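Written below as structure tokens is the structure these notes are about.
The values are calculated or read from the model by the stated rules, or taken from the named source; none is laboratory data. Note that the structure is predicted; figures quoted are calculated from it, not measured. Heads up, the Cβs are rebuilt from the backbone with ideal geometry, glycines too, and the neighbour counts pull from every protein chain shown. Keep in mind that these areas ignore ligands, DNA and RNA; they rest on the heavy atoms of the full protein, side chains included. Shrake-Rupley method; radii C 1.70, N 1.55, O 1.52, S 1.80 Å.
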Amino acid sequence: MASDSKKNELRSVPATNSVLPPELYEQIASVLETARGKAYRAVNSAMVQAYWEIGRRIVEEQGGEERAEYGKALVKELSKRLTADFGKGFTESNLWYMRQFYLAFPILHALRGELTWTHYRALVRVKDERARTWYMNEAADQGWSSRTLDRNISSQYYYRLLQSQADKKPAVQAEMERITAPFQRDKLEFIKNPVVAEFLGLEPNSDFQESDLESAIITNLQKFLLEMGKGYAFVARQQHIRTELNDFYIDLVFYNYLLKCFVLVDLKTSQLTHQDIGQMDMYVRMYDELKRGEGDGPTLGIVLCTETDKDVAHYSVLNGSEQLFAAKYVTYLPTQEQLRQEIERQKAFYAGQLEGDC
């Protein structure tokens, strides 16, 4: 199944008997791509300026270090009010990013308009002002995507170039371009950007985050768990969680009123890896810190997959307390075998639909 980025590289294939001249379609497609690009740049420019201004006002209100406790309380209250009035995108961590953004770039007109807020979030991590300015200008001049910029910062590209002899610099640059080429191909990356969606008050489109197969299975697993699992209340699907470097999406989130805790579900249609378990452990820890209320039990995480050594669902729970989780699980959740059968049933059903469409 082709990835989203691959789909974006290709035009739809015209029928062999089409009366549509190829050059006409290309011209119109170019007009639309140009218009989309202009629309995105307008939204992005407004967003970057707004976040810079928010950062400036927070810095000025917080004052010096002696007001640090007041500053923390201010950001917490501001986050709560902005989220209530303007929706997602104004978490405490994001507001601190806006504060860092202003401190790193105190002169608004020095910003490069070609770059997105996601670019600037990566740039504020660079403490060296000279390196930060170089990365900003290079990203704008060379048209780096935010993923390319992030990768180059993480790999110390600026310093490696400085330390390379003049005749070796082209090789370093060529290697960088080869490694980051996949990050540069998606012309419609901005449409998938959850930051822009949040700024506009829209929900990120989950279709861009999961394959069609995973989406079909998740839809039915949601219904299945509500029907089979005791005490479930649905909370969210494809819930967005942002770390300092990345964006993550939890497939399904429930609250179990018998266990009195949140239950996170992540689906893997490929073989389970230790990275999958580590990722779920991170989700659980973040959820406990950000969402868990007074009286709630520890958040539980479930990683579902069929391709393990024993071909059963595999579970991960906060602090690795699998024995305690297993005891609770038997009482209130569908069994491992029921979950495994449900995933297999949905995979077979989806495969049958594809064959019928051919």
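Does the range 118-131 include one or more residues that are buried (at least 17 other Cβ atoms within 10 Å of the Cβ), in a helix (DSSP H, G or I) and more than 24 Å from the chain's Cα centre (by Cα)?
Checked against the condition, which is being buried (at least 17 other Cβ atoms within 10 Å of the Cβ), in a helix (DSSP H, G or I) and more than 24 Å from the chain's Cα centre (by Cα), the range 118-131 yields at least one hit.
Would you say residue 168 is over 20 Å from the mean Cα position of the chain (by Cα), at pLDDT below 85 and either open to solvent by 40 Å² or more (accessible area, probe 1.4 Å) or over 26 Å from residue 96 (Cβ atoms) (or both)? If you could, list the steps in order and put the result at the bottom.
On the way: over 20 Å from the mean Cα position of the chain (by Cα): yes; at pLDDT below 85: yes; either open to solvent by 40 Å² or more (accessible area, probe 1.4 Å) or over 26 Å from residue 96 (Cβ atoms) (or both): yes.
Yes, satisfied.
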Being among the hydroxyl-bearing types (Ser, Thr, Tyr) and more than 28 Å from the chain's Cα centre (by Cα) is the requirement here; does residue 93 meet it? no
Given the conditions (1) modelled with pLDDT under 85; (2) open to solvent by 70 Å² or more (accessible area, probe 1.4 Å); (3) part of a helix (DSSP H, G or I), every one holds for residue 178 apart from (1)
For the range 74-107, the count of residues that are under 17 Å from residue 120 (Cβ atoms), in a loop (DSSP other than H, G, I, E, B) and not small (Gly, Ala, Ser) equals 5
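In the set 79, 45, 30, which member is of a type in the set (Ser, Thr, Tyr), at pLDDT 75 or above, open to solvent by less than 40 Å² (accessible area, probe 1.4 Å) and out of contact with any strand residue (DSSP E or B) (no Cβ under 6 Å at 6 or more places or on another chain)?
Numbers: 45 fails: open to solvent by less than 40 Å² (accessible area, probe 1.4 Å); 30 fails: open to solvent by less than 40 Å² (accessible area, probe 1.4 Å).
After applying the criteria, what remains is 79.
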Take the range 112-153 and flag every residue that is closer than 22 Å to residue 178 by Cβ and basic (Lys, Arg). 147, 151
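When you look at residue 98, is it modelled with pLDDT of 95 or more and either surrounded by 20 or more Cβ atoms within 10 Å (Cβ to Cβ) or more than 27 Å from residue 241 (Cβ to Cβ) (or both), yes or no?
no
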